[in-house]
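The values are calculated or read from the model by the stated rules, or taken from the named source; none is laboratory data. Just so it is clear, the structure is predicted and the values come from calculations on it, not from any experiment. Using ideal geometry, Cβ is built from the backbone for each residue, glycine included, and neighbour counts are taken over all protein chains shown.
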Amino acid sequence: MSAITESVSTAGRALLSDRARVLKSMAFGDKVFALLTLSAAYLVLLVLAGIIISLIIGAWPAITTFGLDFLTTSRWAPQLEPQPILGALAPIYGTLISSFIAMLIAVPFGLGIAIFLTELCPHSIRKPIRLAIELLAGIPSIIYGMWGFFVLGPFLANYVEPGIVAVFADIPVLNSVFGGEMLSNLSLFNASLILAIMILPFITAIAVDVFSTVPPVLKEAAYGIGCTTWEVVSNVVLPFTRVGVVGGVMLALGRALGETMAVTFIIGNSFKISSSIFAPGTTISAAIASEFAESEGLHQSGLILLGLLLFVLTFFVLAAARLMLMRLEKRAGA
């Protein structure tokens, strides 16, 4: 009997020992996994810090030379002797205005398409439309730029913009915003329209995904008490998904602020600030792309400073979006 008890005890100790080894190996694997994920997180922060530091170092000569005048001067004369005159006001203006016009066009169309796809679209054509939207999102930006330069720009300048100029010709203020004596294929409005087409798939795709998360019972209850489709969308779908919609819009805004090649093709790359949206202009990214390869010295430092300004501008836009989302989430929780 004692022999049996001893053998059982030995087997139990062996089993416990095996389980201890397994648990120890699992704990070691968990520690390695946690260390790898922590390293990846810190790597992101190090890369971000490295980008900021390199931009500041590269832009420092321009910062010390021009100071705050760099933000308030619209003249851009990098070849001027003995010292160039560089001002970022025109690129900043072009970046903000083109992004604003693009969002003004893309957001209503994007949300409208998403509402159609989730609430009104027949099932037979829903998949083809979503596939077309995904294809638009996958087209390289340089293709958009070439299409805008050779097709869209001439069409707008010859057939669309003259009519708009004629409509607003006798209206104060608007005749300067929508004015232009010599309409060009290259303009701020043309670039904004290209940007709107480029960011439209992002807004639509995200809106479709978040609209699909609305519980069907909420919409069925609204329809059951006699609500129209518009009332269901405005009182049920949009309030339920407002956080996701705002996030998608801000993601599209970040894409619009930093877009380079398509805008460079069609905006005209002019550092003159005009009140008309049909005049050529430039953006921060377009200015950097068109001049950086041939720049040197203070000129190159000024372009790097433009990049730093774009980084700061994008950071503040994303920070504002994050604050807005936090407020919306807090209000929804309340």
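Checking the conditions here, which among Ala252, Ala256, Ala279 is within 30 Å of Gln83 (Cβ to Cβ), crowded, with 21+ Cβ neighbours inside 10 Å and touching a residue at least 60 places away in the same chain (Cβ under 8 Å)? Give the derivation first.
Numbers: Ala252 fails: within 30 Å of Gln83 (Cβ to Cβ); Ala256 fails: within 30 Å of Gln83 (Cβ to Cβ).
Step by step, each of Ala252, Ala256, Ala279 is checked, and only Ala279 is within 30 Å of Gln83 (Cβ to Cβ), crowded, with 21+ Cβ neighbours inside 10 Å and touching a residue at least 60 places away in the same chain (Cβ under 8 Å).
Within segment 95-103, is even one residue under 23 Å from the mean Cα position of the chain (by Cα), among the aromatic types (Phe, Trp, Tyr) and in the same structural domain as Val245 (by TED's automatic domain parsing)?
The answer is yes; a qualifying residue exists.
Residues to consider are Ser184, Ser192; find the one that is of a type in the set (S, T, N, Q), more than 26 Å from Lys330 (Cβ to Cβ) and in a helix (DSSP H, G or I).
Details: Ser184 fails: in a helix (DSSP H, G or I).
Going through Ser184, Ser192 in turn, just one is of a type in the set (S, T, N, Q), more than 26 Å from Lys330 (Cβ to Cβ) and in a helix (DSSP H, G or I): Ser192.
Could you list, in sequence order, all residues of segment 117-131 that are among the hydrophobic types (A, V, I, L, M, F, W, C) and either without any contact (Cβ under 8 Å) to a residue 12 or more places away in the chain or crowded, with 17+ Cβ neighbours inside 10 Å (or both)? I'd like the intermediate steps shown before the answer.
So the first thing to find is which residues in segment 117-131 are among the hydrophobic types (A, V, I, L, M, F, W, C), and the list is 117, 120-121, 125, 129, 131.
Once the filter is applied, which keeps residues that are among the hydrophobic types (A, V, I, L, M, F, W, C) and either without any contact (Cβ under 8 Å) to a residue 12 or more places away in the chain or crowded, with 17+ Cβ neighbours inside 10 Å (or both), segment 117-131 yields Leu117, Cys121, Ile125, Leu131.
When you check Val160 against the structure, is it free of Cβ contacts under 8 Å to residues at least 12 places away in the same chain, surrounded by 11 or more Cβ atoms within 10 Å (Cβ to Cβ) and not hydroxyl-bearing (Ser, Thr, Tyr), yes or no? Write out each step before concluding.
Numbers: free of Cβ contacts under 8 Å to residues at least 12 places away in the same chain: yes; surrounded by 11 or more Cβ atoms within 10 Å (Cβ to Cβ): yes; not hydroxyl-bearing (Ser, Thr, Tyr): yes.
So Val160 passes the test.
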